[in-house]
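Here the structure comes first, spelled out in structure tokens, and everything after it is commentary.
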Amino acid sequence: MRREHFTLDVENVDWVGTDGEPRKPSVTIDFEGSGSDLESRLTGPDGELLAADETDVALRLQEEADDGPGVVSVTERITGDFVLELNVDADDVIRFITAARRYGEAAGDESGRYEVTLSIDGEPFVTYEKRTFLVYDDEGSLLRKQSLIPGGVEL
């Protein structure tokens with residue numbers, strides 16, 4: 001599965017720039033290829049699909065500035081194995097994270113701050129409610145201020 005086989009589409013982020021009514025941001029990552037490849041990477045040792053709390057979503061910047069290219073990844077939380085990676089414009093993802101942070105502040109509850117749907121050839125396969133989105137610089141160091149990390153979570 002190559003990065004070029006994935007596309008990313010975001011929704012419910014425009015309200016941030018206009019101070020509109022907060023809406024839960026969502027991101028869809030679509031895979032164009034063999035569904036069995038993605039399904040096997042999303043299946044845990046018990047044969048069941050990984051749950052939301054068994055996955056992590058992250059952005060790794062490829063340059064010092066956060067408005068250049070980046071790589072979004074979904075990994076298995078316990079092993080750190082990559083489920084998928086795709087190339088993105090980092091500033092678009094930072095904007096998404098900002099929307100998720102502001103939505104969480106407005107919602108004031110413990111529900112997910114955003115949704116991520118993994119699709120295969122346009123058909124939704126699995127949707128996760130997430131509260132964390134980690135951002136790393138081009139050298140692999142965690143950028144806490146840019147990351148979406150719920151209060152009380154120790155990394």
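The values are calculated or read from the model by the stated rules, or taken from the named source; none is laboratory data. Just so you know, these numbers come straight off a predicted model, no measurement behind them. Methodologically, a virtual Cβ is constructed for each residue, glycine included, from the backbone with ideal geometry; neighbour enumeration extends over all protein chains shown.
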> Any idea which residue in the stretch 61-70 is surrounded by the most Cβ atoms within 10 Å (Cβ to Cβ), counting only those that are farther than 19 Å from VAL116 by Cα and without any contact (Cβ under 8 Å) to a residue 40 or more places away in the chain?
Replying inline: PRO69
> Just to be sure, is TYR103 more than 27 Å from GLU32 (Cα to Cα), in contact with a strand residue (DSSP E or B) (Cβ under 9 Å, 6 or more places away or on another chain) and not basic (Lys, Arg)?
Replying inline: yes
> For the stretch 56-67, which residues satisfy the criterion of being of a type in the set (Gly, Ala, Ser) and either over 18 Å from ARG95 (Cβ atoms) or at pLDDT below 90 (or both)?
Replying inline: ALA65
> Taking the stretch 61-72 only, how many residues are in contact with a Leu (Cβ under 9 Å, 6 or more places away or on another chain) and within 12 Å of VAL135 (Cα to Cα)?
Replying inline: 5
> Before we move on, is GLY112 in a loop (DSSP other than H, G, I, E, B), touching a residue at least 24 places away in the same chain (Cβ under 8 Å) and more than 24 Å from LYS145 (Cα to Cα)?
Replying inline: no
> When the stretch 20-49 is examined, which residues are found to be without any contact (Cβ under 8 Å) to a residue 40 or more places away in the chain, more than 23 Å from ASP89 (Cβ to Cβ) and not in a strand (DSSP E or B)?
Replying inline: GLU21, SER34, SER36, ASP37, SER40, GLY44, PRO45, ASP46, GLY47, GLU48
> Only one residue in VAL13, VAL27 is under 14 Å from THR117 (Cα atoms) and in contact with a helix residue (DSSP H, G or I) (Cβ under 7 Å, 6 or more places away or on another chain), so which one is that?
Replying inline: VAL27
> Across the stretch 14-57, what is the number of residues that are surrounded by fewer than 17 Cβ atoms within 10 Å (Cβ to Cβ) and aromatic (Phe, Trp, Tyr)?
Replying inline: 1
> For the stretch 1-13, what are the residues that are in a loop (DSSP other than H, G, I, E, B), surrounded by 13 or more Cβ atoms within 10 Å (Cβ to Cβ) and either modelled with pLDDT under 90 or at negative phi (or both)?
Replying inline: MET1, VAL13
> What residue, of SER119, SER73, is of a type in the set (Ser, Thr, Tyr), surrounded by 19 or more Cβ atoms within 10 Å (Cβ to Cβ), part of a strand (DSSP E or B) and modelled with pLDDT of 95 or more?
Replying inline: SER119
